[in-house]
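Derivation of every value follows stated rules applied to the coordinates shown; laboratory data play no part. Treat the numbers as computed from the prediction; the structure is a model and nothing was measured. No Cβ is skipped: glycine too gets one built from the backbone with ideal geometry, and neighbour counts run over all protein chains shown.
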Amino acid sequence: MKRFRRSVSFGALALAGALALPLSWSGNAQGAPSARADAVGARGATGLKGADPSVLRVGDTYIAVKSADGGIVVRQATSLDGLASAPAKKVWSDTGDLGEVWAPEVVRDGGRYYIYFSAGRSAAHRMYVISSASPDSGYTAEKKLALPDDKWAIDGSLFTFQGQRWFVWSGWAGDTNVEQNLYIARMSDPTTPTGKRSVISQPRESWERVVGDPYINEAPEAIKDPNGQLHVVYSANGSWSSQYCLADLRLRAGGDPTYVWDWYKSNGCLFGSHRETMMTGWDPTLHVDGPGHHTFALRDGDINTSPPAGNKVPFMFHAVAKGTPYAWENRYWYLGSFVWWGDTTYRRANVPGAETNTGWSLKFFE
């Protein structure tokens, strides 16, 4: 998201030490198609200008939300490609002058639609939610989410894992813009957080500290792998830079989502445009720069509908076409695909718990 000028104060960080230093990887596709860089082919921009796609599928319809004109609009189409030409229907306006409206995220829970978004100015950004029985009309007034500690928060999303609702977001540890961490908290219902917030990732690896001021972990999206393990795929490095990329957090089997050391981080970017920050064995993009802030476009937005191994699965992300100056105003929504990538080992050192964890990872294609 956007950066704010600040004075660095590392005493405000949530964890005293750095997260594990990445060392190496191993892995293969296990039933997935060939991993050649051209396996899927470049699909290019959808024609929908802007950032932060959020899409879910209900029946045969894809439903997308986007911030626009001081509010939130909804588009519906029978294909992901068709969203760009679908009419945009405004479902919420910032009549209360909350401020900048960022990254709306659409979720379906109990047959009802919930759109989470951040709004505010500078350090005042907080998460809000609106809901409706219909995807493109009848939304409630905005409600501020009472997230634990009430700190700066953006890019929030709801998901259910093993029968428990969770909310994951990007935020500050304190009241100054030192770095953006990823946090998780339980939800008693789609609009009510409960208990404490727990940090699950901080931007402490060398490959996610290429661009700073501040250092960034943001745009977390949950998905469940073929073994039923929870992943949170997120964006690292500043969105104002072509170093923006996707990386992965994998919860160990039987792990506690609120315990940071039960999460294992990929040893580099899994989808990015700079080879030097990519995890070994993962290739940089050929056609776009700074891919990030993705959406898996799952059925009903439910991670329990996550795809099995072996399939090429569509997803969306924002990026800037190579050869175009990298700037926020040049971002478009793109359509790509991914496959589950098996037997992939994430490594770390000098922290509690096992140094390695082997399981499913993801490979992304333009």
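Annotations for the structure displayed:
- Shape call, segment 154-275: gyration tensor on alpha carbons, a/c limit 1.5: oblate
- Computed from point charges on the beta carbon alone (+1 for Lys and Arg, -1 for Asp and Glu), the dipole magnitude for segment 155-279 about its Cα centre is near 320 Debye.
- Between the beta carbons of V58 and Q164, assuming R0 = 22 Å, the FRET efficiency works out to 0.45 to the nearest 0.05.
- Among the lysines of the chain, pairs that are 8 or more positions apart or on different chains and have alpha carbons within less than 13 Å of each other number 5.
- Cα centroid separation - segment 59-112 against segment 306-328, whole Å: 19 Å
- Taking the inverse of the mean reciprocal distance over all distinct Cα pairs, the Kirkwood hydrodynamic radius of the chain comes to 20.2 Å.
- With all pairs of separate Cα atoms included, segment 205-244 yields a Kirkwood hydrodynamic radius of 11.2 Å.
- Mean sequence separation of contacting Cα pairs (under 8 Å, at least six apart), scaled by the length of the chain, corresponds to a relative contact order of 21 percent.
- Potential lengthening between R299 and T356 on full extension [0.36 nm per residue; Cα-Cα distance subtracted]: 17.3 nm
- Placing unit charges on the Cβ atoms only, positive for Lys and Arg and negative for Asp and Glu, gives the chain a dipole magnitude near 60 debye about its Cα centre.
- Restricting the trypsin sites (Lys or Arg not before Pro) of segment 93-130 to loop positions (DSSP other than H, G, I, E, B) with no more than 13 neighbouring Cβ atoms within 10 Å leaves R121.
- Cα-centred dipole magnitude for segment 243-346, charges only on beta-carbon of K, R (+1) and D, E (-1), debye, nearest 20: 160 debye
- In the elastic network of the chain, a GNM with C-alpha springs shorter than 10 Å, the most mobile of S201, S122, S306 is S122.
- Stretching the chain fully between R275 and S122 yields a gain of 51.8 nm (0.36 nm per residue, less the alpha carbon separation).
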